[in-house]
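Participant: Next up is a structure, given as structure tokens.
The values are calculated or read from the model by the stated rules, or taken from the named source; none is laboratory data. What you see is a predicted model, and the numbers here were worked out from it, not measured in a lab. Cβ sites come from the backbone with ideal geometry, for glycine too, and all protein chains shown count toward neighbours.
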């Protein structure tokens, strides 16, 4: 009780336990889906390749994450775009 | 470079091998050594989450050993400490995908790239242990002051001697108050039973859990007694062999000492 009160006084700071929970959620998504590092790596490579056909992207900053909401997991791709490529790729 | 390969082992699970590996590795890197820490627990990787690097894994130790990638590609650079690298375990394989012979070869590559290589050995004395020990020059045995842990440590020490490795002992999770009351094995008792050289004494410390919660290295947490103990262990491993071993003390005892110095009774 005093702990809760204390936390309120301090402005509801997030303790390290909460950080642990958030980090575990992410780690467990990967573990449960049983995606091997191999699969993830190939997906990463293929997506960089496809996107690079249309955009000049910063390949080093390309991020591939799996997020989970209540009912489903989603793949989130995040990449800085440097410029669009002109003309059709074909 | 002609790096040293050190296996961190214990026999029993849950005594602090992974924390010890991450902390000693970080401390050595802070002493400007090039360090690789390797998670040898294939199928149950954890060193990555303890170090807060779980989102950066692309290649793993199985890929590196099998030649699927270069050593440099599998070594993930730490976020906070330069010269510290993690080679994570594979989560989807099992321990039999690697052999001790593979590891000896891999060890040669590692020695060329790093000053120190720390192998985080899985619990048990089966294949995972064999693989972790195969390339090692030295060993650190982590043991807590519990009968089960000491017994398993003794077994592992025997197996290491059989491989011509003379291990050193880290006693972890010491609760000084309990030792003083006589309710916990003291490090003296443990050294006596195991007859092995001591390399450090680590007190029980809440900062350890906070460190693994956040993925921030223990040795970077100010005021962490365990963090300080691991730093001294790293200094001893790194050549400061005459650095005295500090025995964890209770606050209570500290005030009593001051009291007796001032001549205030017992």
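Participant: So how many residues does the stretch A:27-36 have that are within 8 Å of another protein chain (Cβ to nearest Cβ), over 18 Å from residue B:50 (Cβ atoms) and either part of a helix (DSSP H, G or I) or touching a strand residue (DSSP E or B) at 6+ places or on another chain (Cβ under 6 Å) (or both)?
Facilitator: Residues flagged as within 8 Å of another protein chain (Cβ to nearest Cβ), over 18 Å from residue B:50 (Cβ atoms) and either part of a helix (DSSP H, G or I) or touching a strand residue (DSSP E or B) at 6+ places or on another chain (Cβ under 6 Å) (or both) within the stretch A:27-36 amount to 0.
Participant: Continuing with the same structure: Among the residues of the stretch B:45-72, which ones are facing chain A (nearest Cβ under 10 Å) and either over 23 Å from the mean Cα position of the chain (by Cα) or outside any helix (DSSP H, G or I) (or both)?
Facilitator: The answer is B:45, B:46, B:52, B:57, B:58, B:59, B:60, B:63, B:68, B:69.
Participant: So, in the stretch B:81-99, of the ones that are part of a helix (DSSP H, G or I) and surrounded by 14 or more Cβ atoms within 10 Å (Cβ to Cβ), which residue ends up nearest to the other protein chains (Cβ to nearest Cβ)?
Facilitator: Looking at the filtered set, the residue picked out is B:97.
Participant: Further question on the same structure: Quick check: anything in the stretch B:95-112 under 30 Å from residue A:32 (Cα atoms) and at pLDDT below 95?
Facilitator: yes
Participant: Restricting to the stretch A:39-48, name every residue that is without any contact (Cβ under 8 Å) to a residue 12 or more places away in the chain and at the interface with chain B (Cβ under 8 Å from one of its Cβ atoms).
Facilitator: Listed by number, the list holds a single entry, A:41.
Participant: Are any of the residues in the stretch B:186-205 buried (at least 17 other Cβ atoms within 10 Å of the Cβ) and within 14 Å of chain A (Cβ to nearest Cβ)?
Facilitator: yes
Participant: If you don't mind, there's one more thing I want to ask. What tally of residues in the stretch B:196-227 results from selecting those that are part of a loop (DSSP other than H, G, I, E, B), at pLDDT 95 or above and farther than 17 Å from residue B:20 by Cβ?
Facilitator: Qualifying residue count, the stretch B:196-227: 0.
Participant: In the stretch B:32-44, how many are within 13 Å of chain A (Cβ to nearest Cβ) and under 22 Å from residue B:115 (Cβ atoms)?
Facilitator: Residues in the stretch B:32-44 being within 13 Å of chain A (Cβ to nearest Cβ) and under 22 Å from residue B:115 (Cβ atoms): 1 in total.
Participant: Any idea which of B:172, B:94 is over 17 Å from residue B:5 (Cα atoms), in contact (Cβ under 8 Å) with a residue 12 or more places away in the chain and touching a strand residue (DSSP E or B) at 6+ places or on another chain (Cβ under 7 Å)?
Facilitator: Selected residue: B:172, the only one of B:172, B:94 that is over 17 Å from residue B:5 (Cα atoms), in contact (Cβ under 8 Å) with a residue 12 or more places away in the chain and touching a strand residue (DSSP E or B) at 6+ places or on another chain (Cβ under 7 Å).
Participant: Which of (1) touching a helix residue (DSSP H, G or I) at 6+ places or on another chain (Cβ under 8 Å); (2) farther than 12 Å from residue B:119 by Cα does residue B:86 not meet, given it meets every other one?
Facilitator: Evaluating residue B:86 over (1) touching a helix residue (DSSP H, G or I) at 6+ places or on another chain (Cβ under 8 Å); (2) farther than 12 Å from residue B:119 by Cα leaves (2) as the failure.
Participant: Continuing with this model, one more query. For the stretch B:135-169, give me each residue that is assigned to a loop (DSSP other than H, G, I, E, B), closer than 22 Å to residue B:118 by Cβ and out of contact with any strand residue (DSSP E or B) (no Cβ under 8 Å at 6 or more places or on another chain).
Facilitator: B:163, B:164
Participant: Take the conditions free of Cβ contacts under 8 Å to residues at least 12 places away in the same chain, in a loop (DSSP other than H, G, I, E, B) and either crowded, with 23+ Cβ neighbours inside 10 Å or on the phi < 0 side of the Ramachandran plot (or both) and apply them to residue B:33. Does it pass?
Facilitator: Taking the combined requirement at face value, the residue does not satisfy it.
Participant: Follow-up. Counting just the residues of the stretch A:49-64 that are in contact with a helix residue (DSSP H, G or I) (Cβ under 8 Å, 6 or more places away or on another chain) and in contact (Cβ under 8 Å) with a residue 24 or more places away in the chain, which one comes out farthest from residue B:43 (Cα to Cα)?
Facilitator: Once the filter is applied, the top-ranked residue is A:57.
Participant: Please work out which residue is modelled with the lowest pLDDT, limiting yourself to the stretch B:229-252 and to residues that are assigned to a helix (DSSP H, G or I) and exposed (fewer than 12 other Cβ atoms within 10 Å of the Cβ).
Facilitator: B:252
Participant: Kindly indicate whether residue A:62 is farther than 21 Å from residue B:61 by Cα and either touching a strand residue (DSSP E or B) at 6+ places or on another chain (Cβ under 6 Å) or within 14 Å of another protein chain (Cβ to nearest Cβ) (or both).
Facilitator: yes
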